[in-house]
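Here the structure is laid out as structure tokens; the discussion comes afterwards.
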């Protein structure tokens with residue numbers, strides 16, 4: 001479906017910090033929506049790899065007739081890559097999309113806040129960390145907001161918006177308009193651990209792992225049951241492998257620690273798989289073995 005939404009008029013440059021899977025996806029959708037984008041990371045090589053990924057993703061969109069070749073070229077021309085954070089000084093909205101490490105995020109805010117214009121909105125793509133706590137480490141808690149994109153960014157249609165206790169209404173309204181201009185829906189979450197999507201989805205995955213752990217069903221039986229019985233696009237164990245079992249465990253631990261409720265206790269089997277390094281598709285093994293190309297259940 002073509003994007004008929006117009007860019008937010010006073011946002012001329014969108015800065016994206018972190019050129020990994022999420023950051024490159026955000027840069028892709030923002031550039032296709034008509035924004036000039038500055039994508040930065042710690043090295044030129046990382047940003048070049050991200051730009052190559054974006055180019056490949058857009059080429060597939062052209063082949064599927066989702067976008068035209070001209071739209072692709074125009075969007076690529078709007079992306080600048082750099083390893084220099086100082087270049088964000090002209091950005092009107094900056095999205096931090098680095099790994100879920102609170103110390104790293106806070107270090108980035110300490111470095112970048114003195115560079116930014118006073119009116120620049122600063123957003124975090126965090127999926128679990130308190131927005132209020134992150135905002136308190138900046139010089140602009142009123143202009144700080146959580147903007148959690150779903151993975152993969154170019155495909156998934158939802159963005160969670162999370163207001164910290166100090167986030168002002170102008171920041172919220174501008175951020176909401178920005179997300180809509182990307183042709184995505186918003187869901188507004190209160191600032192509680194894991195927000196909405198992960199608060200519901202990750203415990204479901206954890207319960208599926210408990211179902212496996214307790215011998216109620218095999219990997220194949222559980223995923224078949226939820227795919228055809230609940231009409232999910234993929235089973236919860238396959239989904240866990242796609243997300244990354246280490247990521248699932250990290251979110252469950254934050255829920256367990258942040259809410260002090262035993263229902264969020266990570267399943268011991270999930271812990272065991274992560275300790276073994278079987279963290280899903282990216283590792284070649286998780287609840288399925290991917291090493292021969294065709295996924296084979298490991299239990």
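The values are calculated or read from the model by the stated rules, or taken from the named source; none is laboratory data. What you see is a predicted model; the values in this text were computed from it and never measured. Ideal geometry is used to build each Cβ from the backbone, glycine not excepted, and the neighbour counts take in all protein chains shown.
Structure values in brief
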| quantity | calculated |
| --- | --- |
| Residues (farther than 17 Å from residue 123 by Cβ and part of a loop (DSSP other than H, G, I, E, B)) located in segment 24-36 | 34 |
| Residues being out of contact with any strand residue (DSSP E or B) (no Cβ under 8 Å at 6 or more places or on another chain), surrounded by 18 or more Cβ atoms within 10 Å (Cβ to Cβ) and farther than 18 Å from residue 252 by Cα - total across segment 120-142 | 1 |
| Of all residues making up segment 136-163, the number that are part of a loop (DSSP other than H, G, I, E, B) and either closer than 18 Å to residue 109 by Cα or not assigned by TED's automatic domain parsing to the domain that holds residue 99 (or both) | 5 |
| Filter result for residue 73 (assigned to a helix (DSSP H, G or I) and in contact with a helix residue (DSSP H, G or I) (Cβ under 6 Å, 6 or more places away or on another chain)) | no |
| Single residue of 293, 258, 286 found to be in contact with a helix residue (DSSP H, G or I) (Cβ under 6 Å, 6 or more places away or on another chain) and either surrounded by 13 or more Cβ atoms within 10 Å (Cβ to Cβ) or more than 28 Å from residue 192 (Cβ to Cβ) (or both) | 286 |
| Qualifying residue in segment 287-294 (condition: in contact (Cβ under 8 Å) with a residue 12 or more places away in the chain, closer than 14 Å to residue 213 by Cβ and outside any helix (DSSP H, G or I)) | yes |
| Matching entry among 29, 62, 37 (being touching a strand residue (DSSP E or B) at 6+ places or on another chain (Cβ under 6 Å) and within 22 Å of residue 184 (Cα to Cα)) | 37 |
| Residues of segment 102-119 classified as surrounded by 13 or more Cβ atoms within 10 Å (Cβ to Cβ), free of Cβ contacts under 8 Å to residues at least 24 places away in the same chain and assigned to a loop (DSSP other than H, G, I, E, B), total | 0 |
| Residue within segment 167-184 that is outside any helix (DSSP H, G or I), in the same structural domain as residue 28 (by TED's automatic domain parsing), modelled with pLDDT of 95 or more and surrounded by fewer than 18 Cβ atoms within 10 Å (Cβ to Cβ) present | yes |
| Yes/no for residue 83 being buried (at least 21 other Cβ atoms within 10 Å of the Cβ) and in contact (Cβ under 8 Å) with a residue 12 or more places away in the chain | no |
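Okay, residues lined up against (1) within 25 Å of residue 244 (Cβ to Cβ); (2) in a helix (DSSP H, G or I):
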residue	(1), (2)
10	no, no
15	no, no
38	no, no
49	yes, yes
62	no, yes
